[in-house]
Amino acid sequence: MGIIVILFSVILLIVTAIYLYFKKSYSYFEKEGVPFIKPTFPFGNFQGIGSKYHFATILRKIYDEAKGKSKVVGFFNFIEPGYFITDIELVKLITVKNFNSFVNRGMFVNEENEPLTAHLVNIEDDRWRFMRNKLSPVFTSGKLRSMYAIINGLSENLIKATEKQSKNSIEVKNLMTKFTVDVVSSTSFGMNANCLNDENKELHEISREIFGAEGASPMKLFFLFAFPELSKFLKLRQFSKRVTNFFINVISENIKYREDNNDNRSDFLNMLIQLKNKGSIDGEFSTETKKLTLNEILAQAFLFFFAGTDTSSTTASYGLTELAFHQDVQDKLRQEILAMTKDTNGEISYETLHEMTYLNQVVNETLRMHTPGFANLRKANEDFKVPGTNITIKKGYKVWIPTLAFHFEEKYWKNPSKFDPDRFTPEEIAKRPPMSYFPFGEGPRNCKYFYLISIYSE
Ligand code: HEM
């Protein structure tokens, strides 16, 4: 009996301590005099995540509740207080004009246990500056042009795989994931994956573990993300050992093969090898010639897979789904493609692809409604007084930018739930403030890939 009473008291004490800790955290914005969205224990403002709502849906709901209140409000990612932006001019101030106060994202990095987490998206401050500088020449349209033949070749497999499926229904997400994994693994680490022909079951399984339901639970990801330092201390992992070892082995083996055989094919991996061996990329002027380490290039090669696969395959899948539901758009796009390939026997060159203006509009509208990067993050490295308010974003706190919510803001988009590529004609674009649309993020920390595919980069 005595033991039960002691156990009960200890449990009660722990629960009370946790509750008081949450309560103290939840009083943060009240004490600071910042308007905030009322949290509830224990999810803060993320009640229903995973079970009832998608992460992106919750952020849109918070935006709808917050936008009348202030251009920035407080809110809680579980227990972690964060600042939520509801004004596009403030987004510009944070991501562009005052970039030096918001260089980092505050992500989980544990280089010792998981070397693959030390990639460009996660690393911070001068280390990020150095790496971004090194990788910038990798993302030029000239470099992508030289990889176009690889992508074009793999798209033949996509056509065959599509033809094999039923004429009435095609499971596009699975198909596009396999295609994207084939493209990214070929260009980023020289692997002939051939997932479209079901040849590399292991890579397909690994991709599902990283991007699909089989992967880390949303709760764990939230924890890693809300408490990166504590997670590191507790030796938590973002990816399983299986995932980490798989990528380290595959990429290292391909690097070794290329070095031993003087294999200089034109792709991302080749450029990363040059950065490791010479500190610069052939034909690119660089004042900084410090070489990258093997671990550094392994993490960056993995990043291309991690940042490039799900974003691209989701966009392609939603784009195809919208075309299936909008026959008029599909017909118009088909006419454009047929007209531009009538003298080329169906071949589409890199240049022709960029001249397909309606295709570009369809992609942009898909990225507006189905933005894979539905929120952007920054962490304040110093206090930042928000102009026109009494609010100061405090050093060390995260700032959440709800990109998808801005893409549905009726002030900028008439009838925002309608799929309408004509919103992206040059005349319509000119009518909107530029910051009303930023699927690739904004400022010096935006998606490098953006420069290669968006009409906004012209
Ligand atoms: C439709 C496809 C894609 C979308 C919508 C997308 C979107 C984004 C977004 C929203 C960010 C954060 C930007 C910010 O915080 O301001 C980002 C960062 C990044 N993306 Fe992408 N991305 C796509 C494809 C790719 C691909 C294919 C690659 C590489 C091969 C890539 C590489 C990166 C990198 C390296 C960063 C981090 C930049 C930095 O922190 O300096 N992305 N992307």
For region 48-58, in residue order, the Karplus 3J(HN,Hα) values (coefficients 6.51, -1.76, 1.60; θ = phi - 60°; whole Hz; Gly and Pro = x) are x, 4, x, 7, 10, 10, 6, 3, 5, 5, 4
Here the relative contact order (percent) of region 337-458, from C-alpha pairs under 8 Å and at least 6 apart, is 25
Neighbour-count ranking for Ile151, Ile281, Ile6 (other C-beta within 10 angstrom, fewest to most) reads Ile6, Ile151, Ile281
Note on region 1-131: alpha-carbon gyration tensor, axes a ≥ b ≥ c; rule is a/c under 1.5 for rounded, else prolate if a/b larger than b/c, else oblate; result oblate
Rounded to the nearest Å, the spacing of the alpha-carbon centers of region 298-371 and region 33-108 is 31
Filtering trypsin sites (Lys or Arg not before Pro) in region 1-75 by DSSP loop and by at most 10 other Cβ atoms within 10 Å leaves Lys52
All alpha-carbon distances of region 107-303, grouped into 10 Å bins from 0, give the whole-percent distribution 8, 31, 34, 21, 5, 0
With DSSP loop assignment and no more than 16 other C-beta atoms within 10 Å, the GluC sites (Glu not before Pro) in region 283-367 are Glu284, Glu288, Glu347
Relative contact order as a percentage, the chain, C-alpha pairs under 8 Å and 6+ apart, gives 20
So the angle from the long Cα axis of helix 294-325 to the longest Cα principal axis of the chain, reported in degrees to the nearest 10, equals 80
What helix-only [θ] at 222 nm does the chain give? Using -39500 (n - 2.57) per DSSP H run of at least 4, over all residues, to the nearest 500, the answer is -16000 deg cm²/dmol
Non-local residues with an amide H under 5 Å from the amide H of Val72, with H modelled 1.01 Å from N and Pro and chain starts lacking one, are Thr86
Number of Lys pairs in region 1-85 closer than 17 Å at Cα, excluding neighbours under 8 places apart unless interchain, is 10
The exposure ranking of Asp125, Asp328, fewest beta-carbon neighbours within 10 Å first, is Asp328, Asp125
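Read-outs: derived from the displayed coordinates by stated rules, not from any lab. From a predicted model like this one, the values you see are computed outputs, not experimental measurements. Every residue, glycine as well, gets a Cβ built from its backbone with ideal geometry; the counts of neighbours run over all protein chains shown.
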